[in-house]
Structures are given as structure tokens and as C-alpha cells.
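Novice: Following this message is one structure expressed as C-alpha cells.
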Amino acid sequence: MLTNPLTKNIGPENIAADIERYRESGGYRGWSKALEMAPGDIVKMVQDGGLRGRGGAGFNTGLKWSFVPRGADSPSIKYLVCNADEMEPGTFKDRLLMERDPHLLIEGMAIAAYAIGAHTAYIFIRGEYHLAAERLEQAIDEARQEGLLGNSIRGTEFSLEIFVHRSAGNYICGEETALLNALEGKRAVPRAKPPFPQVSGLWGKPTVVNNVETLCNIPNLIEHGIDWYRSLGRGEDAGSKLFGVSGRVKNPGTWELPMGTPIREIIEQHAGGMCDGYQLKGFLPGGGSTDFLGPDHLDLPMDYDVIGKAGSRMGTGTIIVLDDHTCPVGLVLNLTRFFARESCGWCTPCRDGLPWAVQILERLENGEGVPEDLDLLREQARRMGPGNTFCALAPGAAEPIQSALKLFEQDFIDHVMHGCCPFEKVAEASAAV
Amino acid sequence: MTSMIEPEVVELMERSNKHPSTAEAQLTEAEIEEIEREFSRYEDKASVGLEALRIVQKHRGWISDETLRAVSNFLQIPVAQLESVATYFQLIFRQPVGKEVILLCKSASCWIMGCSRLQQKLQNKLQIAPGQTTADGIFTLLETPCLGDCDKAPVMMVGEEMHRNLTDESIDKIIENKKAHHADQSPD
Amino acid sequence: MPNITIDGEQYEIEDGQNLLNACLSLGINLPYFCWHPAMGSVGACRQCAVIEYKDFEDQRGKLVMGCMTPIKDGGIYSVSADSAREFRGGVIEDLMTNHPHDCPVCEEGGECHLQDMTEMSGHTLRRYRGTKRTHRNQYLGPFINHEMNRCIACYRCTRFYREYAGGSDLAALGRNNQVYFGREQDGMLESGFSGNLVEVCPTGVFTDKTFSEHFVRKWDLQTAPSICEHCAVGCNTAPGAREPGDGEDAILRRVTNLFNHDINGYFLCDRGRFGYDYVNSEARIKNVLATRTLELIETTAGENEKIHGDMAPRDALQQFADTITAARRGRRRLIGIGSPRSSLENNFALRQLVGAEHYYAGLNARDLQLLHLVDRIQRDPRLYSPTTPQIENADAVLVLGEEIEQTAPRIALAVRQAARNRQKQHAQQLKIPLWQDASVRQLDGSPSPILLVGVDTAGLCDIASEHLPCTAEQTAMFAAAIACRLSGDDSGSPDLPEGLLELADNAAQILAGAERPLIISGCGNRDKATLHGAAAIATALGERTESPCALYLACPEVNSLGIAQLFEPGTGDLEQLAQSLESGEDTGMPVSVVILENDLYRRADAETVEQILAADEVILLDSLLNQTARRADLIFPAAATAESQGSYINSNGTAQRFYAVYEGTGFIQESWRWLSDAAGLCGAKAPSLTALASWRHSTDLSAAIACEFSQMASLADLGPDEDYRIDGLKVARQTHRYSGRTAIHAKAHVAEQPPHADPDAPMAFSMEGIQNAGETPLVANIWSPGWNSNQSIHKFQQEVGGPRRHADGTARLLREPQAMPSWRAPTGSAPRSPAELELVPLYCLYGSDELSARAKAIASVIDEPYAVLSEHDASERAIAAGDSVEIELPEAHFLVRARISTDQPRGTLGVPYGLPGLEELAAYLPGRATLSRLARISSTESGGTAQ
Ligand SMILES: Cc1cc2nc3c(=O)[nH]c(=O)nc-3n(C[C@H](O)[C@H](O)[C@H](O)COP(=O)(O)O)c2cc1C
Ligand code: SF4
Ligand code: FES
């Protein structure tokens, strides 16, 4: 039974699967099957399959699609947008899919567009992903030539064009409504909700935004069915997922594993455990905007709700490992700098709070901190909590800060007490290795 | 500018602040063709603004005031609106850059893996700070958010090419190669 | 109506609001920045946070933004909860990290929303220890200062400038905490509404540059409610004045908006805001001037022009009185010429002095007839003159032959809002509340139909669904065609070219299909047929739906419609006067002409003006020296609007009273007072003169007008009269914080001088009295404890954004309803010789209005004389843009620079009305003239002259 639907075409060498190879392994069968189904049934199937969005929030994909108005009196123009802005620190899964198996995404998008009734779809890809963009464009051409895209696909009435839109930077473009603004050639500031994009999105038309990996799940789900898909997961959540590990582990990388794979298994088995001489001090389970977890969380399975209950988020499922030689204050400073720089500048706690947090962290890291700074940081993290800011960027930024202050409080205190960063020497020494 | 300042000074400030650049720039045929191709992909012309800037930048390296105005004229988008977008996106360069833009990843995984030290090395080698261009006009060094290759940290991008698992040696090699490449290209 | 609980108190409130709005309407203080009563919510600043509870059990609640939270029936909220308070304080602390704390040198200090909100948040201790980022400021032209470091990034400026007012040259640049609100490069802000940034910006980023020139704190300004005198919309203003501090008399320092729900709401145009400075102009008349008979060795005066010297007012009045006496005794003809830019009271006093039969309107026949036609049309029961909110609410707009962006700018701003009604409708379908501004604006919604037809349609063409540049004649024919289609009577439909017919069909369909159609036109074309056409469409629409249709007719001047009320149609124009003077020549009786605040050269052709000014004695009452003043024998300094009390009637027939902000310098007083003084001095004792001499208060005149003219009966109850008191006190014009009232005069008087009494209004020129009479229309210094900025206005409104809680000092004219007879479009005009061009008036926000054109800042941006011709006509005459050309009329010629526009209808020459240098051309518009090119100035030559 197929257990690696996302990566089955990804060979060891750094080349993309072309359409022939893609087809050999059963490619575009899902698409053919979908074209024979009623769009509503596809939506239902995806919903029942339990596919949850892989962009970070984990929202049921089929349910999201079902909010798109359908029927005769619904707007005739609808859009599908693939979110390929992957810019969250420590996240490197969508790049892999796009560079190595572009047709999987194209097929997923075709099915999704058909299901929601969109005739135009965009792949919003970050500007630095030149290779992925080129390969996707090539794959789109190939699919068009074979009549899998374009007008009246396979003799049906359905037509679909997919365009690659290369963005010009900025993490906030990954936020789905900011992304829509960017696609419209505007400043990528998040939009007010309601209206939700499914009702009024790109150019005011109903729009679905999905992550690359989410869409890559679709073809096999459709082809092999709900039961198969559900059975892929080991825990509560359905399907398989790309998990990744970066940091000082022996074998950093990305692997397709069942949902619910325990974290320990990912880090120790797949990533080969910590590099010699390093201990695991903590980790960010799903990218830079998730809360730190500690060694006692290693046995948790990677399921959305489980990680949520533990006080973090599964996010993108790409783990950043913090080792005992790396300064947690420095890492939080690094992340906060990123978020401060990537703030869109719309709402106050994020725009002005983050740069302030950066300054405090800088002072702490430089040994100029005072004890009150810790409270101030906590206060700021609280101020950027969910619902307090306009979009989810700032709450995401607050997560590593607040959790580090809990988990690594002693390290923060040490910085203040010693008047310097106790890690510096270690870091230098290790760099010399 | 407050009323507390002498009027003469105010006037002087105002005058020195005024430097309307009126120089005209034209889009090339190739640029226009590429931009026009985008029209069919979007609902309206105004949406092509950012695409157009990206296209023109591809040809010219950066977006000068004159270029900005040329794009604004061509697309009939008010120049302030275009500037608003141009200054928003970090990959649109509103200042001249070198032939090779180095995007050095500074995000979490690369930081853990020592990108700061490599940055020092790179800066010493090129004798520039982030945001600057080497005297020979070949390299511009920019710090960039996560490049999405964290399992191969530290990484950087030079032009359109990714370089992974960077070490002191590999950085030397990459820079020397690029230098040699550009030396070949120049007439002498 | 939903019931809600806020901090344990129960309230019943209007449905459909957001929580911030509700709190403010209930008088609960909740700080905010990005929300604006006219612009709605976007949730950017996060300042208005409150706690929302699930139910009474819920102790923690959830933090929500007041401005983004629709109130729910049964909702439980807390403004004062510690967690909400802490959050709001934190937001202030965040906002202030980059703020320079430069309040002592900031023009906004003392009326700063940021100061108020900081106080309100209770946040006093800043813990930020880092450096602050700094920005370079931009030069934004002569009206607006820029100090970006004070910015708190609430995005109100760009939201107002771009989204509300349609400007395109101000934008948010950059991102994160580097965002910068400015232009792409230095230069004057192009929008005619840029001045509102001063009030929209909650801190001191955008401040009034003209005010900076003579800056004082808001609390040191003396204010009174006034009416903008620079067009006929009748916006309410709050001018502020104060002594310069060197012992001199007060000067007018600035104008800010004064909220009037039905007229200007929260916004003014730049002509209205920056035009005030004319009263401080060097051309201001402050003393009585009389012709000198001295022999001069050398003079710069032209032929016929007189040379003036100061005269003691008493002597001058005696001379005036002698003239009146002589006239009464039948030894002199005494003629009075009124003015549409002077108050009803002044005009009425002049009429009283000379007698109705010798009183003229100060307008040429065409202009006066147009006003009478407007008056007549507005009486038609099938239509009504809409208020500004009604205009904003229209779902289809047809603008016919009127450049409202230039002639009635505030109305154009309202039309911009109407353009969004389709989108708003869409929002309502999606159940998105309209105050969710960003949500509504991101919806797909093709703009509502806005059709522009006329000579210059450029002003609003960015929101127009259709714009058709065409001549006045075509405009009228086009209107007739639409009217015919609407009334179903095609018999009289004019011959229009194919394309136009189709457009007319389309327009008729759109208007007929609209629920709230609006027609806008006015006197701009100076063409009766245009007005008739607009009326025909509106009446046809009114008949179709059997409910009155909205028709806004823009009049040219602040009191145009007022002066029309004083004359029977067909009487009182300057040509009639000239004729009667000519025919009266043989009687040999000397003629004295009294001119009230009017420059005749702008009004009538050279011959007519010459005929009138050739009178034996010309007495002028006016505020600024102008061309007519050069011909006057006796000149009395007249008070400007800000220095006097009186009433104006605006374009939609609303009478409004303005109050003196301060007393004019020197011998300045209201024109009617000069007339009354002269009447008092004269020997003749006719009842009309005795009455005139006995009037002591401006309200005496208003009452007399109300008595004599039934349609103006409401003038009597426009506002409280001078005897009105609150708790036995008058209303103070100065604030309770007014400083230095003794010291400021110490140079002249060591002892404190008693304040001057105001005979006209129940207001004091001092800080004594009621400080905060917001319940009357008497205050302009809108202030409430904790609310020092203009945002405090909500404390005086029925609900946020609603009308003022008490009378706002306005009254509609009470005119007899009278249906218009039906009308047919004219069919073609007399053929024009090929050499001739049709002169058509164009209007300029800066320049067309006589008074504001003399304000320093505005004068600096007025264009050099120019004229616009079509590409075709230009090439036919080998004229290039920028060429010097001469407009030749039989009696006069004018030198202008040629401009070429693709939108200028062929065969026409657009001439800016009243532009300095072309004032005397105004009387010939529309008309015909030939155009010739002077030698082209080569670039080197012009470079040479520029040196
Ligand atoms: C600041 C921010 C950045 C985001 N960046 C990304 C991104 O790069 N890629 C992505 O797929 N989703 C990103 N998201 C999540 C998207 O907003 C959105 O939830 C997602 O694209 C939906 O797709 P899914 O339902 O398939 O997960 C981001 C969200 C936020 C708040
Ligand atoms: S949290 Fe606010 S400022 Fe930050 S990115 Fe979102 S909307 Fe912009
Ligand atoms: S006023 Fe509510 S968020 Fe700004």
C-alpha cells in the first residue's frame, strides 16, 4: 500500500520528475477521476478525508472549500491560489515538493480548482524560489500540451489556467489575505475579515488559498479514497506529512511520515539524533512562530491538537532544534528581529512592539539587560497575543518569546546576572570545530 | 519644521528638500512586451504594477526614480502608488545594486549553524557591510530572511543560485568564481 | 434596539453600530486613533481595546477592538477592566517609542488627539530606552507642513487623502516600523482637500503652514462660528484670531472645520481653509480713504484712476450724509449697488438707504437671471435641494455642465462618496456593516453610475462611469434628450449625433432605474439652458416616481441666492443701471453711486462699468483694494466675514448666520454700520432712513428682512439674539485658558482694558462667560474635558457623526412652491465665423474666487493667465502649448499662455473665470473671440527674462 504519496516521485538526485515519470507512477489519475465526479462530491471527500491545511493553521481543507458560494447565482469568477510563499524560519518543505515533483502540485491544484469552480489559479511563489518557479512553469506547459490544463479539459466543459506569480519578498505575503493584496499588485497588508476570501477574495471574487503541501495531498486522496487516506495517519490526524529537522542534528532533512509520528522518532531516528557533544535543550516544533517545547515533550505525536495542548503549535511541521551550546536568548533575538523586520506596519503592537522587543533582547544578549526587562518582554508578548493584533504574525512572533521566557528563564536571568552572554565562548569554540 | 525656526532657514530647508527629478526614462521594447504579456493574467492593469517592477528590475538591476516614473506612465498607475508598492517589497531595489546580489540567510537555522561568523568572513573578504556594494560594483551583500533550505544551513543565494552547507572555503570559492566570471565579461 | 451592558451599566442603543461608536455616543471615553467618524473602522491602531464577556459567568472575557466589534443584543463589555486598560496603556507606550515628545514646539500641542488619548489611557511612564528612528520631512507646498517623526502610523492620512478624497500623490511608503507617509518626492500636495490632513492626523505630522506663520496655541485663539465665504456651499467654519502681541489689533490666524451635519460634516476644501488670509492682506482697507485733489508731480495711477488719502471717518460720513440729504431733497440721484459676496444684512441696509427702486444687485443681467432661474427651479415641488448626506447617498449621479470640483468642492467630495454606493450595497448583501471600512472597500463593486457632462469634466473623471466633454449647448441638448426619454415624450427630442443619443438613452435608463438619483448642475456654464435641462430631467424623474428628485444647483458666490431674493426677476442688473444712467443724463442731476463690497470690473463689460463709474460720486464700501476702488471717491473699510455678523443663503436655499470672530482693525466695521451711521448723520428724516439709523444690532436687520420678505421669514430665528443669556452670562469667545490678556496690550495700556462689547451676538470678546455652550450654535471652540482636539465634536452630537444636539443655526428658505413650465432645448445657435472661438468659462479652485485669491498661500499657487484650446483648434492656428496668445474681443484683449487639451471641445476656448489678470474677461464669458499667436518666445529668451 502506498505510504508516501507526497514523495513517491522524489528521487535521490536533484532533478524534477517530468510528466512521463509522473505518469508512470500513476500521476494525473486523480485528476481524471475527479473530472468524472461532481465538484460537490470532491469537496465532501476532502472534508471527510480529514485533510487539514499544511500552511500552519491546520484548518480542514474540504470545509474551507465548502464556504465558496456555489450554484447558479454565485459569482461566475472564482480563484484558487496556491500559497508557495514559504518564508517561515526553519521551514523547507514546499520548496522540495515544487522543485522535485511539480506535477503533483499542478494536479492537486487542478482538482481543487475544479472542486470550487475556479477557472484561473495562481501559484504565489516567493521571489527567491527561482528553480521551483521555472520547474512549475515547465510542468504547466507540459500539462497544457497534454490537455490536462487549458480549455475544455479532456472534453469536459471545464477550463483552467494556472499562472505562476513570483513575489518580491516579505514573509507577511504568506498570510493569505496579505497574499491576495500582493497578487493584486498592492501592499501586502492583511485584509479585514469578514469577508473571508472564500466569499470575497482576489479582486473581490470568491477565492481559496491553500498551501503547497495541502494541495499535493489532494491527487492521491481522490485516487485512493478516504479510508486509505485516513489510515495513513498514526494518531488523530489523517494523512502523511512532510516533517523536517534543522539545527545541530546529525542528519538534518525532510521526510514524509505519517501524521502523529512521535517527535522523538523524527529527531532521533530520521534526523539521526544530536551531533556529538550537543544536547537537545529545546525545539520549535513547527517553524519560527511556534512555542518552544522541551525534552520532556519529545514523546508527543505530531498531531495538530496534541501539540496544541502541549502549549505550542504543529505549524509547518518543520522542527528547529536548539542545542545546549546555542544561546536561547540569541535565538529568540534572531527570530524576533526577523518578525520585526517582516511586520507589515499596519497594527501598533506588532509594528512598534516587535522592534522594542528586539532592542530589549539585544541589550540582554549584550549583557546590558536589567531584571525588569524580563517582565517587559513578557508584557509585550502578552500584548501581541492572539486577537490583540490585526493578523497572526505578531501572535506568532510572541510564541517563541513567551515560551523561551518560561522554558529558558534561567538563561535570561544569567544574562542579566553575568552582564554578558554566557554562551558566547561555547559558540565560538564550537564554530572552530 | 516648526515655527520656532527662522523663516530663512525654513525656506532654505524647503528648497534643499526640493529636488524633483525630471529626467525621462523609456521602457524598452522587450520590457514592454514582457509586461504586456502579464496583462492577460490579471484582472486589471493596476495589478500588474509589482510584476512590471520585477520585470524591469530584471533588465536594469534596480528601479531608479526615472524607471519608476516610466513604469507609472506606462501602466497609468499614480507614481506614489507604485512607489508605495516598490518600497514595500524587499526584493524591489530602489537603490543601485551590484551585478551579483548576495542574499545571506540570517534566519534561525542558519544562525544556529553559524551564519554570523560566515557573514563576518564575507564582509571582510568583500570589504562591505550589509546593504553595500563592492567598489568594483560586482557584489551587493544583503541579509535575508529564511531561504527555505534549513537542513543545509548555512546557506546563501548569489544571483539566482543557491549555495548550501557553507564553509569558509566554499565562500572563498564562490566569490572567486564570480569575480573571475565578471573579469572575463569585462572588455579588458 | 439592542440592550448592552458596559461596566455593569445597562444601555439601550441604536442597532448596527460598533462598540467604540456606541461608547462614544453614550459619553463613555474610549481612546482611539485609526477610527474616524466619517471614515469608519480599520482596526489598525489597536487603541480602542475593551473586554467582551461571553455571559455574566465569564470573569476573564476576551480582548476585542471596540471599533471592530459589532454590538450584540445582550452583549456584556468592560471598558474599565484592568486587562483592557493595561493593553491600551501598552499600545500608547508602543506608539510612543518613536515619537519625539516634542510637544512644546509642535503646532498640534494643546489640541492634539495623541496628547488627549495618552492622558486618557492613563499611561504615564515610558520604559523604552532605545534610540528613535528619524525621518526626513518633505516639502508639501505652501499649505501643509510635514513632520514625519511625530507619526504614529494610524493610516488616517492616506485613508482620507486617497480613499475618501481621491488624491493620488500621498501614500504609505516602506513597511514595518519604517512606514512613511508622504509623496514619491517633494512637491505640493495635489488634492484640493489636503488641508483636512491637518485635522484628520491625530498628531502633528500634517499641520497648517499658513497658521504656522502666525502660530498661537488653540487655547489662545478667539473663535466664533462662521460661514466660509469662498463659494456657495456654505461650509461652517471655526476661524480663530488673536492679537500679534506687539500691541497691535487682532489678526485672523486660521480656519478650521466646524461640523455641520447637513453641509460640510467633518471636511472643508483647501480654498475654504486657506483662503481666510485675505483679511490680513496688504491690500486690506483699514481706514477711510478719499480722493485727494493735491497736485502730484508723478503718479502711477492710470487714466481715470484716483489717488486716495486717509480721511477722518467723521468727515467722510458727513460727506456721505450730505449726499444722502441731497438725494432726499431731489438734488441728486443716489444709486446703490449690492453684492452677492456681502451679507443679506448689508445688502438690505443699502436697499433701505437708496430705496428699492434705486438698488441694484451688482450683477450683470445674465448672472442675475441665472440666479432667479435657480430660485425658480428650486421652488418646483417635484424636486428638492439635497443636503450633503443625501448627496453621499445617491445611487446614480448626473453632473451637468458644472465643474463642482472647482466651484462647489465640498459637494464634489460628497459625490465621491456616492460613487461607492454599489459597493456598499454589496456589503449589505454580505451583511458586512458599512463602518467596516476596509472590508467594504475590498469588495468587488463596480462604481455607482456617475455621469459627467460638460466643458471640463476632469475633476471627477477618475470616479466617473461616463464622462462626456462637450459645450454648453450640447450639454443642454443632451439634457433635453434625457428628459424627453424620461417623460416618455419624444416629440421634442433634439437632434443629437448617434453616439450621444445612445449615451442619452443609457443615462435615462440609469437614472430611471436608480432609487435615489441625483442631478447636479449650476451657474457655471452661465447658461440658462443648462439649468433648464437639469431641471427638466429632475422634474421628469420626480414625476415618474411621484416623489421629489434631488437636484443640486451650484451658485457662484456665498450669498448669490440671498441677493436673488431681494430682487424681482427681471430687475436690478447692472446693464439696466447703465441704461438708466445713460437715459438720465439729460436731467443733469448729479449721480452718486454707492457700491457695496463689489468689484464691478468682474461683473460687467467695460462699457457698462464705464457708464456706472462715470457717476459724479462713487462711494465704495469694501475690504480689499481692487480695480473699482481705484475709481472711487470715498472708500469705507468694510468688515470681512470673520469680523462681522450676518446671514448668507447657500446654494441649496439654507440661510445661515455667521458671527464675528474678532473686531476688525483700524476703522473697519460692517458695511451696514457705515450706512446706518451715514443715515443717522443726514438731515433728511424719511422713515426708511430713520429706521436704518436706528438699527443697532445685526439681528435688527435680520428681523427687518424676515418681516419684509416672506420667504426669508425664518431668518428671524436663525440663532439666539443678543439678549440671550445662559445663567445670566454671554458665551465667551476666548477659552478659559486664554493667556496674557493684560500683558498683550501692556505696550499701549498698563491697566487692563475692558473687553469690547459685542452689540450683535450674545457673545463676549473675552474669556468671561459660558465656556462650553455646545448646546447652542454659538460656539466654535469645540472642547470638552479631556478632549482638546477637534475630535471632541462627538460630545456635542446627538450620536457620533449625527447632527449637533441643539439647533445648528440654519434655516431653509420658505419659498412658494411653483412648478416649472416645460422646456424645450434650443436648436442650434448663431453660426460662428471660422476665425472665432466660443469662450467658455473654466473654474479654478485657486483663483476664480475673488477673495481667497488674495490670501498669500493661495496666491502663490495660482496659475498665470492661460486659456485652453482643443488640439484641432491649436493646430489650425499653429499654436503650441505654452505659446503666448492674445484673446481679442471688440472692446478688450487679453494676453494668456496657451494650453492644449484633448478634452476641450472643438471650437471652444476655455478661459479661467476670474483668474488674477483675467478678472475683466469674466464678464465676457461665454462669448466669442478670436485668438492670435504672438511671437513664440524662444527658450533662451524666456530663460533670459527669468533671470
Ligand atoms: C504571518 C503569516 C505567514 C504565513 N506564511 C505562510 C506561508 O508562507 N505559506 C503558507 O502556506 N501559509 C502561510 N500562512 C498561513 C496562511 O495564512 C494560510 O492559513 C494558509 O496558506 C492556508 O492554507 P492551508 O489551509 O492549506 O494551510 C501564514 C500565515 C501568517 C499569519
Ligand atoms: S500583526 Fe499587525 S502589523 Fe503585524 S503583520 Fe499583522 S497586521 Fe501587520
Ligand atoms: S480605533 Fe479601533 S483599532 Fe484603531
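Novice: Consider the range A:167-183. How many of its residues are more than 16 Å from ligand 2 (Cβ to nearest atom) and at pLDDT 95 or above? Give the derivation first.
Specialist: Filtering the range A:167-183 down to residues more than 16 Å from ligand 2 (Cβ to nearest atom) leaves A:168, A:183.
From the residues that got through so far, the ones that are at pLDDT 95 or above too are A:183.
Result for the range A:167-183: 1.
Novice: Could you grab the pairs with beta carbons closer than 9 Å, sequence gap of 6+ or different chains, first residue in the range C:469-494 and in contact (Cβ under 8 Å) with a residue 24 or more places away in the chain, second one in a helix (DSSP H, G or I) and aromatic (Phe, Trp, Tyr)?
Specialist: C:Cys470/C:Phe478; C:Pro494/C:Phe478
Novice: Which residue, of C:Leu368, C:Leu373, C:Leu350, is assigned to a helix (DSSP H, G or I) and farther than 22 Å from C:Gly584 by Cβ?
Specialist: C:Leu373
Novice: Kindly indicate whether A:Lys8 is touching a residue at least 60 places away in the same chain (Cβ under 8 Å) and more than 22 Å from A:His130 (Cα to Cα).
Specialist: It is false that A:Lys8 is touching a residue at least 60 places away in the same chain (Cβ under 8 Å) and more than 22 Å from A:His130 (Cα to Cα).
Novice: State yes or no: is A:Asp296 modelled with pLDDT of 95 or more and either in a helix (DSSP H, G or I) or more than 20 Å from B:Cys150 (Cβ to Cβ) (or both)?
Specialist: Values: modelled with pLDDT of 95 or more: yes; either in a helix (DSSP H, G or I) or more than 20 Å from B:Cys150 (Cβ to Cβ) (or both): yes.
When the stated conditions are applied, A:Asp296 passes them.
Novice: Looking for whichever is farther than 25 Å from A:Gly419 by Cβ, buried (at least 24 other Cβ atoms within 10 Å of the Cβ), modelled with pLDDT of 95 or more and within 16 Å of ligand 3 (Cβ to nearest atom) here; the options are A:Thr348, A:Thr290, A:Thr318. Which one fits?
Specialist: When all the criteria are applied, what remains is A:Thr348.
Novice: Oh, and also: Could you go through the range A:239-258 and let me know if any residue there is buried (at least 19 other Cβ atoms within 10 Å of the Cβ), β-branched (Val, Ile, Thr) and assigned to a loop (DSSP other than H, G, I, E, B).
Specialist: no
Novice: Now a separate question. I need the full set of residues from the range C:144-179 which are more than 8 Å from chain B (Cβ to nearest Cβ), under 24 Å from A:Asp352 (Cβ atoms) and in contact with a Gly (Cβ under 8 Å, 6 or more places away or on another chain), in order please.
Specialist: Across the range C:144-179, the qualifying residues are C:Met148, C:Arg150, C:Ala153, C:Tyr161, C:Asn176, C:Asn177, C:Gln178, C:Val179.
Novice: Got at least one residue in the range C:13-33 being within 16 Å of ligand 2 (Cβ to nearest atom), touching a Cys at 6+ places or on another chain (Cβ under 9 Å) and closer than 29 Å to C:Ala153 by Cβ?
Specialist: Among the residues of the range C:13-33, at least one is within 16 Å of ligand 2 (Cβ to nearest atom), touching a Cys at 6+ places or on another chain (Cβ under 9 Å) and closer than 29 Å to C:Ala153 by Cβ, which makes the answer yes.
Novice: Would you check which residues across the range A:256-303 are free of Cβ contacts under 8 Å to residues at least 40 places away in the same chain, closer than 30 Å to A:Asn9 by Cβ and charged (D, E, K, R) and list them?
Specialist: Hits for the range A:256-303 are A:Arg264, A:Glu265, A:Glu268.
Novice: Can you find a residue that is within 14 Å of chain C (Cβ to nearest Cβ) and either within 22 Å of A:Asp85 (Cα to Cα) or within 16 Å of ligand 2 (Cβ to nearest atom) (or both) anywhere in the range A:210-233?
Specialist: Let us first name the residues in the range A:210-233 that are within 14 Å of chain C (Cβ to nearest Cβ), namely none.
The answer is no; no qualifying residue exists.
Novice: Also, I was wondering about something else. State whether the residues of the range C:42-50 include one that is within 41 Å of the chain's Cα centre (by Cα), within 12 Å of ligand 3 (Cβ to nearest atom), β-branched (Val, Ile, Thr) and closer than 20 Å to C:Asn196 by Cα.
Specialist: Yes - at least one qualifying residue is present in the range C:42-50.
Novice: Related question: Name the strands (runs of 3 or more DSSP E) wholly within the range C:378-491 that hold at least 3 residues that are at pLDDT 95 or above and in contact with a Gly (Cβ under 8 Å, 6 or more places away or on another chain)?
Specialist: Result: C:396-400.
Novice: Go through the range A:351-385 residue by residue and tally those that are within 16 Å of ligand 3 (Cβ to nearest atom) and either surrounded by fewer than 24 Cβ atoms within 10 Å (Cβ to Cβ) or within 7 Å of another protein chain (Cβ to nearest Cβ) (or both).
Specialist: Looking only at that region, the number is 5.
Novice: Would a scan of the range C:24-46 turn up a residue that is of a type in the set (Lys, Arg), more than 14 Å from chain A (Cβ to nearest Cβ) and part of a loop (DSSP other than H, G, I, E, B)?
Specialist: Checked the range C:24-46: no residue is of a type in the set (Lys, Arg), more than 14 Å from chain A (Cβ to nearest Cβ) and part of a loop (DSSP other than H, G, I, E, B).
Novice: Looking at A:Gly387 and the list (1) in contact with a Leu (Cβ under 8 Å, 6 or more places away or on another chain); (2) within 13 Å of ligand 2 (Cβ to nearest atom); (3) part of a helix (DSSP H, G or I), which single condition is not satisfied?
Specialist: Of everything listed in (1) in contact with a Leu (Cβ under 8 Å, 6 or more places away or on another chain); (2) within 13 Å of ligand 2 (Cβ to nearest atom); (3) part of a helix (DSSP H, G or I), A:Gly387 misses just condition (3).
Novice: Sticking with this one: In the range C:845-883, which residues are among the hydroxyl-bearing types (Ser, Thr, Tyr) and more than 30 Å from C:Leu624 (Cα to Cα)?
Specialist: Of the residues in the range C:845-883, the ones among the hydroxyl-bearing types (Ser, Thr, Tyr) are C:846, C:848, C:852, C:860, C:866, C:870, C:875.
Scanning the range C:845-883 gives C:Ser870, C:Ser875.
Novice: For A:Tyr171, all conditions in the list (1) farther than 21 Å from A:Ser32 by Cα; (2) aromatic (Phe, Trp, Tyr); (3) more than 13 Å from chain B (Cβ to nearest Cβ) hold save one; what is the number of the exception?
Specialist: (3)
Novice: For the range A:102-122: of the residues being in contact (Cβ under 8 Å) with a residue 60 or more places away in the chain and either assigned to a strand (DSSP E or B) or in contact with a Cys (Cβ under 8 Å, 6 or more places away or on another chain) (or both), which is farthest from ligand 3 (Cβ to nearest atom)?
Specialist: Ranking the qualifying residues of the range A:102-122, first place goes to A:Leu104.
Novice: For the structure I just gave you, tell me whether A:Ala340 is within 14 Å of ligand 2 (Cβ to nearest atom), of a type in the set (A, V, I, L, M), at negative phi and surrounded by fewer than 24 Cβ atoms within 10 Å (Cβ to Cβ).
Specialist: So A:Ala340 passes the test.
Novice: Between a first residue in the range A:188-208 that is within 7 Å of another protein chain (Cβ to nearest Cβ) and within 17 Å of C:Trp435 (Cα to Cα) and a second residue that is at pLDDT 95 or above and within 11 Å of ligand 1 (Cβ to nearest atom), which pairs have beta carbons less than 6 Å apart while being 6 or more apart in sequence or on different chains?
Specialist: A:Arg191/A:Thr177
Let's see how each residue does on (1) crowded, with 23+ Cβ neighbours inside 10 Å; (2) within 16 Å of ligand 1 (Cβ to nearest atom); (3) under 30 Å from C:Gln185 (Cβ atoms); (4) at pLDDT 95 or above:
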residue: C:Gln47; (1), (2), (3), (4): yes, no, no, yes
residue: C:Tyr53; (1), (2), (3), (4): no, no, no, yes
residue: C:Lys62; (1), (2), (3), (4): no, no, no, yes
residue: C:Asp82; (1), (2), (3), (4): no, no, no, yes
residue: C:Gly90; (1), (2), (3), (4): yes, no, no, yes
residue: C:Met96; (1), (2), (3), (4): no, no, yes, yes
residue: C:Thr118; (1), (2), (3), (4): no, no, no, yes
residue: C:Arg126; (1), (2), (3), (4): no, no, no, no
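Novice: If I ask for residues that are of a type in the set (Lys, Arg) and closer than 27 Å to C:Gly275 by Cβ, which ones from the range C:406-455 would you list? Break it down stepwise before answering.
Specialist: Filtering the range C:406-455 for residues of a type in the set (Lys, Arg) gives C:410, C:416, C:420, C:422, C:424, C:431, C:441.
C:Arg410, C:Arg416 - these are the residues of the range C:406-455 that are of a type in the set (Lys, Arg) and closer than 27 Å to C:Gly275 by Cβ.
The values are calculated or read from the model by the stated rules, or taken from the named source; none is laboratory data. What you see is a predicted model; the values in this text were computed from it and never measured. Glycine also receives a Cβ, built like all others from the backbone with ideal geometry; neighbour counts cover every protein chain displayed.
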